[in-house]
Each structure stands twice: as structure tokens, then as C-alpha cells.
1. As a footprinting exposure proxy, order 171, 116 by other Cβ within 10 Å, with the fewest listed first.
2. Quick check on segment 115-168: take the gyration tensor over C-alpha atoms, sort the square-rooted eigenvalues as a ≥ b ≥ c, and tell me if it's rounded (a/c under 1.5), prolate or oblate.
3. How many nm is it between the label spots at residue 63 and residue 35, if each spot is 7 Å from the Cα in line with the beta carbon?
4. How far apart, in nm, are two points set 7 Å out from the Cα along the Cα-to-Cβ line at residue 188 and at residue 84?
5. Over every pair of different alpha-carbon atoms in segment 85-205, take the mean of 1/r and invert it; report that Kirkwood radius in Å.
6. Pull out the extension gain between residue 202 and residue 23, defined as 0.36 nm times the separation in residues minus the alpha carbon to alpha carbon distance; nm, one decimal.
7. Restricting to the chain, what percent of DSSP beta bridges are antiparallel, rounded to 5?
8. Over the Cα atoms of segment 6-90, compute the convex hull volume and normalise it per residue, giving Å³.
Ligand SMILES: CC(=O)SCCNC(=O)CCNC(=O)[C@H](O)C(C)(C)COP(=O)(O)OP(=O)(O)OC[C@H]1O[C@@H](n2cnc3c(N)ncnc32)[C@H](O)[C@@H]1OP(=O)(O)O
């Protein structure tokens with residue numbers, strides 16, 4: 001089997017986990033691209049300082065990238081930059097995640113160890129399904145959304161684009177959390193949450209700005 005080396009954008013804590021996921025699925029990570037001030041290495045991968053390295057590495061023949069940046073909007077922006085340059089967005093999926101054969105998973109997606117994606121669920125491009133999170137049947141997780149560790153989504157839940165669910169969030173069946181929203185850690189979502197709001201608590205209520 002030929003191994004196409006992968007470039008990782010990001011050099012922080014999330015990048016550490018993603019590099020280890022990529023390695024666990026047999027991929028070789030050659031470089032991590034960090035901020036202009038970054039140097040050293042990220043779990044053994046040399047860090048290159050600054051986004052300009054992306055174009056340089058493309059001209060040297062690299063074609064595969066993984067965007068390992070926790071910010072949902074920045075991840076989406078960097079993915080646009082990379083695909084404009086001709087990169088392919090690979091996935092970083094733990095061999096210890098359980099994904100239904102009827103689920104569909106986009107590109108540039110991270111699925112950490114212990115995550116479960118059940119029947120007929122859809123995970124859009126650039127989403128993060130973090131450690132131990134369960135996504136039950138018929139859910140739709142939007143582009144560049146992030147479900148932090150230990151979230152539990154019941155059946156037929158919709159999570160909008162770039163929405164973030166904090167660690168340990170629970171969502172009951174048939175609920176919609178619209179795009180660009182934030183749900184605080186440990187919240188229990190029992191009714192729809194609108195676009196661009198922060199919701200907190202048990203049950204989760206929108207916070208007034
Ligand atoms: C592998 C990884 O690490 S993945 C990353 C996982 N990260 C997370 O899960 C982070 C989740 N973040 C949170 O829950 C944050 O508290 C947020 C985003 C909801 C709010 O953050 P901030 O806007 O900074 O809120 P701040 O800390 O100022 O708190 C404002 C008020 O909300 C309350 N509050 C904050 N978070 C929560 C919460 N999760 N549940 C209930 N109340 C909360 C605070 O107690 C405070 O109440 P007060 O005004 O009565 O004192």
C-alpha cells in the first residue's frame with residue numbers, strides 16, 4: 001500500500017489528538033503548520049510557522065491536508081484556502097470509533113476514540129465528533145460543527161453549521177440546534193435552539209446578550 005503523506009494545519013492540543021488519529025489509521029504526517037510564532041514539534045511532527053507554508057508544500061507535491069483547528073469558523077476558512085490550492089481534505093477517524101454502515105461521513109472530519117455514529121446519520125465536512133460522543137440514528141451534523149467529548153445526541157437531532165456543543169451536552173430526540181450557536185458544557189437540550197445564540201443549563205435556555 002502506498003502512503004500519501006498528510007500535512008496538518010494546526011499545532012495545538014486538538015492537532016495533537018488528530019495527528020495521533022491519522023497515525024492510528026495508517027497515515028504518515030510530515031508537517032504541522034502552526035501560527036507565525038510557533039516552532040518545535042507537535043507529538044513528534046515538525047512545526048512550520050505560518051499559513052504560507054501550505055502553498056509551498058503544495059508546490060513540492062503534497063496533496064493531502066487535515067485542518068486540525070478547534071475554532072469552527074477558522075477551520076472552515078482554512079479548509080477553503082487549502083482546497084483552492086488543490087489539496088484534498090482527508091479524514092482523521094479513530095479505529096476505535098463505531099460508525100454505522102448506513103451513516104455518511106464527509107471530508108475533513110475528525111471522529112475521536114469511543115465515538116458512535118448510528119444508522120442513517122450524516123456528518124458533514126469538517127465536523128468534529130469528539131471523544132466518546134454518541135450520535136444516534138437519523139441525526140444530521142452540519143458542516144464544521146463540533147460536538148465536544150461525551151456529548152449524547154438522541155435520534156433525529158439536527159446540529160447546524162459551525163455550531164459547538166460543549167463537553168457532556170445531551171440532546172433529546174427531534175431537536176434542532178441551528179447554525180453558529182454554542183451550547184454550554186453539561187447542558188441538556190430539550191427544545192429547539194435558534195441561530196447564533198449561546199444556550200446553557202438544564203434544561204438549556206438561550207442566554208440574553
Ligand atoms: C477536547 C476539548 O477540550 S474540546 C473543548 C470542550 N470545551 C467545552 O466544553 C467548553 C464549553 N464552554 C462553556 O460551557 C462556557 O462556559 C460557555 C462557552 C458556555 C460560556 O463561556 P463564557 O461566555 O466565557 O461565560 P462565563 O464563563 O463568563 O459565564 C457566564 C455565566 O454563565 C454561566 N455558565 C457558563 N457556562 C455554563 C454552563 N456550561 N452551564 C451553566 N451555566 C454556565 C456562568 O456560571 C456565568 O453565570 P453568572 O453570570 O451567573 O455568574
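1. So the residues, fewest neighbours to most, are 116, 171.
2. Note, shape of segment 115-168 comes out oblate.
3. Reported label-point gap for residue 63 and residue 35 is 3.4 nm.
4. So the two model labels end up 4.6 nm from each other.
5. 13.7
6. Fully extending the segment from residue 202 to residue 23 adds 60.6 nm.
7. Bridges in the chain are about 10 percent antiparallel.
8. Hull volume normalised by residue count: 82 Å³.
Quick note: the coordinates plus some simple rules give every number you see, no bench work behind them. The shown structure was predicted, so the numbers you read here are calculated from the model rather than taken from an experiment. Virtual Cβ from ideal backbone geometry, glycine too; neighbours counted across all protein chains shown.
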